[in-house]
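The values are calculated or read from the model by the stated rules, or taken from the named source; none is laboratory data. Nothing here was measured: the structure is a model prediction, and the numbers come from that model. Cβ: placed from backbone, ideal geometry, glycine included. Neighbour counts: every protein chain shown. For accessibility, only protein heavy atoms count, side chains too; no ligands or nucleic acids. Shrake-Rupley method; radii C 1.70, N 1.55, O 1.52, S 1.80 Å.
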Amino acid sequence: QVRLVQSGGGLVQAGGSLRLTCTASARFHIGWFRQAPGKEREFVSAIQFIGNPQYYSASVRGRFTISRDSNKSTVHLDMDRLKPEDTAVYYCAAAELGGWNARQSQSYHYWGQGTQVTVSS
């Protein structure tokens, strides 16, 4: 049974930092998506399982960093210089190895439970 466990998030003032963590029970590409109230779910960042190429949306590039532990099972999303518009529920997602479009939610097979990130102005 595949398991994705998310941790981290919370409330922070604008300009602050938070870390999100996703732990997977198997070998996957991992992505992060977010959904703000009244908006569609959008791609944030992703990391490939082999070689660890990283992908970012334009809105977070330069502020967020995705990384994978040496055990390959845990992925972190370090979010710096947070803005109020980063407020959303953040979801970790896992894609089985093979054909994968990092930015498309349809490419992912498993989803975490979601975690709230709130950035106050």
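Among the residues of the stretch 47-63, write down those that are touching a Ser or Thr at 6+ places or on another chain (Cβ under 9 Å), of a type outside the set (S, T, N, Q) and open to solvent by less than 60 Å² (accessible area, probe 1.4 Å).
ILE47, TYR56, VAL60
Any residue in the stretch 50-68 that is over 25 Å from GLU96 (Cα atoms) sitting within a Cβ distance under 7 Å of a residue that is of a type in the set (D, E, K, R) and surrounded by 12 or more Cβ atoms within 10 Å (Cβ to Cβ)? List the pairs, counting only those 6 or more apart or interchain.
Cβ pairs passing all conditions: ARG63/ASP80; ARG63/ARG81.
If you take the residues of the stretch 49-63 that are modelled with pLDDT of 95 or more and assigned to a loop (DSSP other than H, G, I, E, B), which of them is nearest to HIS29 (Cα to Cα)?
SER57
Looking only at the stretch 1-39, which residues are within 18 Å of ASP78 (Cβ to Cβ) and either in a loop (DSSP other than H, G, I, E, B) or of a type in the set (Asp, Glu) (or both)?
Correct list: GLY9, ALA14, GLY15, GLY16, SER17.
Would you mention how many residues in the stretch 10-37 are modelled with pLDDT of 95 or more and over 17 Å from ALA95 (Cα atoms)?
13
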